[in-house]
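**Student:** Questions regarding the structure given below will be posed in turn.
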Amino acid sequence: MAARNDDFIDPDDIGVNVSSEPSIGELIERRLNRREALRGLAGLGAVAAFSNPFSASTAKAQPAGPSSLGFKELAHTLDATHHVSEGYDMQVLIRWGDPVLAGAPAFDPAALTAAAQEKQFGYNNDYLGLYPLPAGSGSGDRFLMVANHEYTNANLMFAGLGSGRDAALKASTEQVAVEMASVGGAIIEIVREDGRWKVVPESKFARRITATTAMVFSGPAAGHAKLKTSADPAGTKVFGTFGNCAGGSTPWGTWLTCEENFNFYFGGDPAKLADAELAKRYGIGRAANAWSKHVDRFDFDKEPNEPNRFGWVVEIDPYDPASTPVKRTALGRFKHEGCTYTLAKDGRVVFYSGDDERFEYVYRFVTSRPWTPNDRAANKNLLDEGTLSVARFNADGKIEWLPLVQGQGPLTAENGFANQGDVLVKTRLAADLLKPTPMDRPEDIETNPVNGRVYVALSNNSRRKAEQVDKANPRAANDHGHILEIAPKDGDHASAEGTWSIFLLAGKPGQDAGARYHRATSENGWLSCPDNIAFDSKGHIWIVTDGAPSAAGVADGVYGADTTGFGRALTRCFYQAPTGAEVCGPIFTPDDSTLFLAIQHPGEDRGSTFEKPSTRWPDFKGNTPPRPSVIAITRKGGGPIGT
């Protein structure tokens with residue numbers, strides 16, 4: 001989600017899973033040695049993936065090796081601007097404050113208003129999605145782009161707040177209104193003309209989703225008692241979405257925006273919480289901004305159930321600006337980091353999602369019925385019926401998907417789960433009872449379209465102790481994270497079983513214990529804190545990072561690698577972000593000719609303020625603060641990225 005520094009409270013740093021159970025019980029091992037790593041990978045036909053860790057000096061002497069990616073590797077950097085591999089162009093497509101809706105005023109950082117921001121591109125863009133125009137076409141030059149707007153950096157948006165952890169708590173009523181209009185998401189129309197991308201002004205599809213947009217609940221938890229408030233006694237309607245981190249799409253062409261760190265928007269007296277156990281498990285009790293001071297519904301003393309109305313996956317139709325967003329409760333309530341789909345063999349749709357916090361879990365949702373390819377309307381409520389499961393990564397390399405179904409196993413009325421709505425509102429508590437594997441911050445989960453395997457980015461977990469180490473999370477004090485690879489049984493993503501292995505262990509080889517990549521990885525090819533993942537049409541994995549500056553002293557960036565063959569896990573540095581920024585939302589056009597990236601929170605460094613930010617990227621003008629932006633990377637002269 002956000003870089004870690006002394007001025008910003010990263011909500012992902014604060015784990016709330018208080019279970020004392022070991023991750024895999026008596027099968028825990030303290031370290032994953034090289035022989036075991038190779039054995040596990042051999043089961044997936046990937047013995048070449050891990051080799052002996054190497055020192056930085058050895059790495060420097062190594063050639064590019066057998067990677068099928070031909071771009072010139074970029075050197076690690078950490079400065080005020082961004083960098084890309086030689087032979088590529090970078091274009092800023094849209095920035096915070098740029099027009100989205102008709103009538104949007106020009107960006108004026110000295111006079112921000114909620115009315116203006118509701119028509120402008122929001123703050124801290126994260127997930128990006130592309131939808132062809134016209135709908136269902138094979139167009140490669142015109143799309144609807146959706147963007148999540150996760151959270152705000154008040155100290156970089158407004159003058160006079162200073163820096164430090166309390167800056168956001170100083171925001172005024174008017175500034176909070178601007179913040180509420182800055183989060184959620186945006187839909188813009190983009191077109192490629194003469195090799196460059198531009199936003200289509202005043203598109204009929206353009207839309208802003210904010211913290212006040214009217215939405216409805218659907219699925220088993222709609223109308224649940226814990227969703228009812230004074231403004232919504234039926235528990236079926238809700239205003240807004242925020243904390244929108246990674247996301248996903250559906251095969252029928254809708255956008256899934258995922259509510260992650262919603263808990264820090266709520267404040268009040270923790271001693272007065274109506275359901276202390278539930279609140280504690282979701283981290284409710286400590287506000288990280290000023291919303292609860294100025295807006296009653298964010299004060300849980302006044303509206304104790306309002307926090308329960310967030311932490312969901314929201315489905316939005318990008319092709320219909322008048323459509324009402326729907327919070328699909330069947331997919332569970334937790335800190336969703338993405339919700340990405342693939343298909344089971346029988347045509348049912350399978351969605352993978354991580355709960356992005358230390359010691360939380362990996363989830364999967366399988367629809368009850370197949371989707372209908374040629375009847376979009378038939379898929380309208382497909383996400384309301386299905387089975388949500390949580391993952392257990394066994395030490396023998398097997399993965400089990402444990403169904404979160406009321407009445408099965410410990411999910412009974414006696415344990416506080418009288419109906420499926422209880423299971424979904426209290427997903428974390430329900431999952432705890434099934435004893436899944438607590439992970440090192442499960443972030444993005446994506447399926448490789450070429451080999452059909454699933455890749456799980458585990459960003460980091462500095463709080464894992466030696467006695468908590470297990471095969472799937474093999475390092476104590478895991479500052480740098482790792483990536484797992486899952487092979488579903490018989491290639492069927494709806495199967496209750498599968499196998500897993502470690503694709504890479506991040507960090508600097510020769511310096512950070514346990515760091516493992518391909519033996520030919522260079523001194524610039526190693527990475528720290530994998531966050532989001534994308535695949536091009538050839539099945540290369542592209543990894544973007546979040547937290548590398550504080551964890552490893554290098555900029556967050558983009559790294560490409562093969563997933564099969566002799567170049568498997570040979571990561572190479574392609575792009576480096578400006579200081580304070582993380583890289584989010586990587587997505588390719590279908591022809592691989594453009595890589596879009598969301599550059600989030602530039603300037604989020606210690607001591608950085610509106611008046612004196614650590615960078616003024618991307619404008620570098622006068623008193624203009626840093627502006628989160630979407631960029632497009634293309635190859636000079638055209639052609640696919642990376643080759």
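The values are calculated or read from the model by the stated rules, or taken from the named source; none is laboratory data. The model shown is predicted, which means the values in this text are computed figures rather than measured ones. Cβ: placed from backbone, ideal geometry, glycine included. Neighbour counts: every protein chain shown. What goes into the accessible areas is simple: the full protein's heavy atoms, side chains included, and nothing from ligands, DNA or RNA. Shrake-Rupley method; radii C 1.70, N 1.55, O 1.52, S 1.80 Å.
**Student:** I'd like to know if segment 182-192 contains one or more residues that are in a strand (DSSP E or B), within 30 Å of ASP89 (Cα to Cα) and charged (D, E, K, R).
**Tutor:** First, pick out the residues of segment 182-192 that are in a strand (DSSP E or B): 184-192.
Checking the rest, the ones that are also within 30 Å of ASP89 (Cα to Cα) come to 184-192.
Those still in the list that are charged (D, E, K, R) too: 189, 192.
The answer is yes, given that some residue of segment 182-192 is in a strand (DSSP E or B), within 30 Å of ASP89 (Cα to Cα) and charged (D, E, K, R).
**Student:** Could you list, in sequence order, the residues of segment 267-278 that are closer than 14 Å to PHE298 by Cβ, modelled with pLDDT of 95 or more and open to solvent by 10 Å² or more (accessible area, probe 1.4 Å)?
**Tutor:** Result: GLY268, single match.
**Student:** Another question about this same structure. Would segment 252-259 turn up any residue that is of a type outside the set (A, V, I, L, M), in a helix (DSSP H, G or I) and either open to solvent by less than 20 Å² (accessible area, probe 1.4 Å) or in contact (Cβ under 8 Å) with a residue 12 or more places away in the chain (or both)?
**Tutor:** There is no residue in segment 252-259 that is of a type outside the set (A, V, I, L, M), in a helix (DSSP H, G or I) and either open to solvent by less than 20 Å² (accessible area, probe 1.4 Å) or in contact (Cβ under 8 Å) with a residue 12 or more places away in the chain (or both).
**Student:** Does PHE264 satisfy being surrounded by fewer than 19 Cβ atoms within 10 Å (Cβ to Cβ), under 23 Å from the mean Cα position of the chain (by Cα) and over 30 Å from ALA344 (Cα atoms)? Talk me through it step by step, then tell me what you get.
**Tutor:** Numbers: surrounded by fewer than 19 Cβ atoms within 10 Å (Cβ to Cβ): no; under 23 Å from the mean Cα position of the chain (by Cα): yes; over 30 Å from ALA344 (Cα atoms): yes.
It is false that PHE264 is surrounded by fewer than 19 Cβ atoms within 10 Å (Cβ to Cβ), under 23 Å from the mean Cα position of the chain (by Cα) and over 30 Å from ALA344 (Cα atoms).
**Student:** Ok, one more. For segment 529-573, what are the residues that are part of a strand (DSSP E or B) and among the aromatic types (Phe, Trp, Tyr)? Let's see the steps before the verdict.
**Tutor:** Going through segment 529-573, the residues part of a strand (DSSP E or B) turn out to be 530-535, 541-545, 557-562, 568, 572-573.
Answer for segment 529-573, where residues must be part of a strand (DSSP E or B) and among the aromatic types (Phe, Trp, Tyr): PHE535, TRP542, TYR559.
**Student:** What are the pairs, 6+ residues apart or on separate chains, where a residue within segment 594-605 that is within 14 Å of ARG95 (Cβ to Cβ) has its Cβ under 6 Å from a residue that is assigned to a loop (DSSP other than H, G, I, E, B) and open to solvent by 10 Å² or more (accessible area, probe 1.4 Å)?
**Tutor:** Filtered contacts from segment 594-605: GLY603/PRO613; GLY603/SER614.
**Student:** Might you check whether a residue that is surrounded by 19 or more Cβ atoms within 10 Å (Cβ to Cβ), at pLDDT 95 or above, outside any loop (DSSP other than H, G, I, E, B) and not hydrophobic (A, V, I, L, M, F, W, C) occurs anywhere in segment 487-496?
**Tutor:** Within segment 487-496, the first condition is being surrounded by 19 or more Cβ atoms within 10 Å (Cβ to Cβ), and the residues that meet it are 487-488, 493-494.
Narrowing the set further to residues that are at pLDDT 95 or above leaves 487-488, 493-494.
Filter again for outside any loop (DSSP other than H, G, I, E, B), leaving 487-488.
Checking the rest, the ones that are also not hydrophobic (A, V, I, L, M, F, W, C) come to 488.
Looking through segment 487-496, at least one residue is surrounded by 19 or more Cβ atoms within 10 Å (Cβ to Cβ), at pLDDT 95 or above, outside any loop (DSSP other than H, G, I, E, B) and not hydrophobic (A, V, I, L, M, F, W, C).
**Student:** Does PRO233 satisfy the criteria of being open to solvent by 30 Å² or more (accessible area, probe 1.4 Å), outside any strand (DSSP E or B) and under 30 Å from ASP275 (Cα atoms)?
**Tutor:** Spelling it out, PRO233 is indeed open to solvent by 30 Å² or more (accessible area, probe 1.4 Å), outside any strand (DSSP E or B) and under 30 Å from ASP275 (Cα atoms).
**Student:** Considering only residues of segment 71-80 that are surrounded by fewer than 16 Cβ atoms within 10 Å (Cβ to Cβ) and in contact (Cβ under 8 Å) with a residue 24 or more places away in the chain, which is nearest to VAL146 (Cα to Cα)?
**Tutor:** Filtering first and then ranking leaves ASP79.
**Student:** Then there's this: Looking at (1) in contact with a strand residue (DSSP E or B) (Cβ under 8 Å, 6 or more places away or on another chain); (2) within 16 Å of GLY70 (Cα to Cα); (3) of a type in the set (Ser, Thr, Tyr), can you tell me which one SER629 breaks?
**Tutor:** Result: SER629 fails condition (2) only.
**Student:** Further question on the same structure: Go through the residues of segment 582-595 one by one and say whether even a single one is within 14 Å of PHE535 (Cα to Cα) and aliphatic (A, V, I, L, M).
**Tutor:** For segment 582-595, residues within 14 Å of PHE535 (Cα to Cα) and aliphatic (A, V, I, L, M): present.
**Student:** Tell me, which residue of segment 523-536 that is more than 20 Å from the chain's Cα centre (by Cα) and buried (at least 24 other Cβ atoms within 10 Å of the Cβ) is nearest to LYS398 (Cα to Cα)?
**Tutor:** Our first condition is that a residue be more than 20 Å from the chain's Cα centre (by Cα); within segment 523-536, this holds for 523-526.
Going one step further and asking which of them are buried (at least 24 other Cβ atoms within 10 Å of the Cβ), we end up with 525-526.
Values: GLY525: 30, TRP526: 28 Å.
So the residue we want is TRP526.
**Student:** Do any residues in segment 488-512 that are farther than 11 Å from TRP526 by Cα and aromatic (Phe, Trp, Tyr) have Cβ atoms under 7 Å from those of residues that are crowded, with 20+ Cβ neighbours inside 10 Å and modelled with pLDDT under 95, where the two are at least six apart or on different chains, and which pairs are they?
**Tutor:** Between residues of segment 488-512 that are farther than 11 Å from TRP526 by Cα and aromatic (Phe, Trp, Tyr) and residues that are crowded, with 20+ Cβ neighbours inside 10 Å and modelled with pLDDT under 95, the close pairs are PHE503/ALA49.
**Student:** For LEU504, only one of the following conditions fails: (1) in a loop (DSSP other than H, G, I, E, B); (2) surrounded by 19 or more Cβ atoms within 10 Å (Cβ to Cβ). What is its number?
**Tutor:** Exception for LEU504: condition (1).
**Student:** From (1) without any contact (Cβ under 8 Å) to a residue 60 or more places away in the chain; (2) aliphatic (A, V, I, L, M); (3) open to solvent by less than 20 Å² (accessible area, probe 1.4 Å), pick out the condition that doesn't hold for VAL200.
**Tutor:** Failing condition for VAL200: (3).
**Student:** For segment 284-299, give me the residue count where each residue is part of a loop (DSSP other than H, G, I, E, B), in contact (Cβ under 8 Å) with a residue 60 or more places away in the chain and either open to solvent by 20 Å² or more (accessible area, probe 1.4 Å) or within 17 Å of VAL238 (Cα to Cα) (or both).
**Tutor:** 3
**Student:** Under 6 Å between Cβ atoms, at least 6 apart or on separate chains: pull out the pairs that start in segment 86-110 with a residue that is within 18 Å of ILE599 (Cα to Cα) and end on any residue that is surrounded by fewer than 16 Cβ atoms within 10 Å (Cβ to Cβ).
**Tutor:** ASP89/LYS636
**Student:** Filter segment 277-326 down to the residues that are of a type in the set (Phe, Trp, Tyr) and either within 16 Å of ALA168 (Cβ to Cβ) or touching a Cys at 6+ places or on another chain (Cβ under 6 Å) (or both) and list them by number.
**Tutor:** Hits for segment 277-326 are TRP291, PHE298.
**Student:** Of all residues in segment 606-643, which are in contact (Cβ under 8 Å) with a residue 40 or more places away in the chain and among the basic types (Lys, Arg)?
**Tutor:** ARG606, ARG616, ARG627, ARG635, LYS636 - these are the residues of segment 606-643 that are in contact (Cβ under 8 Å) with a residue 40 or more places away in the chain and among the basic types (Lys, Arg).
**Student:** Which members of segment 81-100 meet the condition of being crowded, with 18+ Cβ neighbours inside 10 Å, assigned to a loop (DSSP other than H, G, I, E, B), in contact with a Lys or Arg (Cβ under 6 Å, 6 or more places away or on another chain) and not aromatic (Phe, Trp, Tyr)?
**Tutor:** Answer for segment 81-100, where residues must be crowded, with 18+ Cβ neighbours inside 10 Å, assigned to a loop (DSSP other than H, G, I, E, B), in contact with a Lys or Arg (Cβ under 6 Å, 6 or more places away or on another chain) and not aromatic (Phe, Trp, Tyr): SER85, VAL100.
**Student:** So which residues in segment 101-148 are buried (at least 24 other Cβ atoms within 10 Å of the Cβ), of a type in the set (S, T, N, Q) and more than 16 Å from VAL200 (Cβ to Cβ), if there are any at all?
**Tutor:** Passing the criteria: GLN117, ASN124, ASN125, ASN148.
**Student:** Do you know which residues across segment 236-251 are open to solvent by 10 Å² or more (accessible area, probe 1.4 Å) and within 30 Å of ALA598 (Cα to Cα)?
**Tutor:** PHE239, SER249, PRO251
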